[in-house]
Amino acid sequence: MILTLIRHATLVLEYAGKRLLVDPMLGEQGSAPPIEDTPNQRPNPLVPLPVPAPELVANVDAVLVTHMHEDHFDTTAQEALDRSLPLACQPEDADALRGMGFSDVRPVDGSVDLLGISVARTDGQHGTGAIAEALAPVSGFVLTASGEPSLYIAGDTIWCDDVEAALREHSPGIVVVNAGGARFNQGDPITMTPEDVIAVADATPDQAVVVAVHMDAINHCVDGRLELRAALRERGLLESRVLVPDDGAALDLS
């Protein structure tokens, strides 16, 4: 399995002989406004794509969308993707995606088959209290296939009972978490802080690998790679248990 971080939560997975695109945000740097009522009011995305969008969508076999917030499925991705591609999503987003013209939408309630890959849905908590309720629903996915390590993509969630339960139930070999400590001007973080990432690493077996993404690309993600790497280094987790790839980096996790 090869996991390539494109930018933010956008991944390309080479898994079980298929090429999967996850949470595509493909807009050009600065093409979208800042997220309202958040720190660091700068146009999004903050950084460019490491490769052009047409190159990213070429030869894609299927798409996974954890939820339809603009930083996980933007209008550029909607316009660029072949409408006939198999697209796995949470059930609540299926009608909207079909309304955009996608003809092979596969809502994941319990689990579905995606080109020979089993995809199971997991729950998450996109913040706390009223903020989490307003941002719900969000989902994660666990991918399994013969000859491949199991992969848990947690999606937009903080460290919470749902994540702990998913780790316990699925025992994934690889865990992808959305870090960045994203937040509004009031309230708690809505994605994982460095402390949350450390909690995930502590809750996984020693042989499992945690990959932290979702940093340095959207204005309200206030914890960057530098801060996360420093916290992990202090705990002796950086590179040994937790990987923090740069945009465009390909990780061979076979």
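The values are calculated or read from the model by the stated rules, or taken from the named source; none is laboratory data. All values derive from a computational prediction rather than experimental measurement. Virtual Cβ from ideal backbone geometry, glycine too; neighbours counted across all protein chains shown.
Data overview
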{"item": "Members of the stretch 29-68 that are farther than 22 Å from Y152 by Cα and touching a Pro at 6+ places or on another chain (Cβ under 7 Å)", "result": "Q29, G30, A32, P33, P34, Q41, R42, P43, N44"}
{"item": "Residue ranges of strands (runs of 3 or more DSSP E) in the stretch 1-88 with at least 1 members in contact with a His (Cβ under 6 Å, 6 or more places away or on another chain) and buried (at least 18 other Cβ atoms within 10 Å of the Cβ)", "result": "none"}
{"item": "Qualifying residue in the stretch 60-78 (condition: farther than 19 Å from G27 by Cβ and polar (S, T, N, Q))", "result": "no"}
{"item": "Lone qualifier among E195, E227, E234, E169 - being under 22 Å from P50 (Cβ atoms) and surrounded by fewer than 23 Cβ atoms within 10 Å (Cβ to Cβ)", "result": "E227"}
{"item": "Tally of residues being among the hydroxyl-bearing types (S, T, Y) and in contact with a helix residue (DSSP H, G or I) (Cβ under 9 Å, 6 or more places away or on another chain) across the stretch 126-185", "result": "5"}
{"item": "Failed condition for V244, given (1) farther than 16 Å from I174 by Cα; (2) buried (at least 21 other Cβ atoms within 10 Å of the Cβ)", "result": "(1)"}
{"item": "Top-ranked residue of the stretch 108-133 - restricted to ones that are assigned to a strand (DSSP E or B) and free of Cβ contacts under 8 Å to residues at least 40 places away in the same chain, ranked as surrounded by the most Cβ atoms within 10 Å (Cβ to Cβ)", "result": "R121"}
{"item": "Subset of the stretch 155-165 (residues that are out of contact with any Pro (no Cβ under 7 Å at 6 or more places or on another chain) and either at pLDDT below 95 or buried (at least 24 other Cβ atoms within 10 Å of the Cβ) (or both))", "result": "G155, D156, T157, V163"}
{"item": "Residues of the stretch 172-192 that turn out to be aliphatic (A, V, I, L, M), buried (at least 24 other Cβ atoms within 10 Å of the Cβ) and in contact (Cβ under 8 Å) with a residue 40 or more places away in the chain, as a count", "result": "4"}
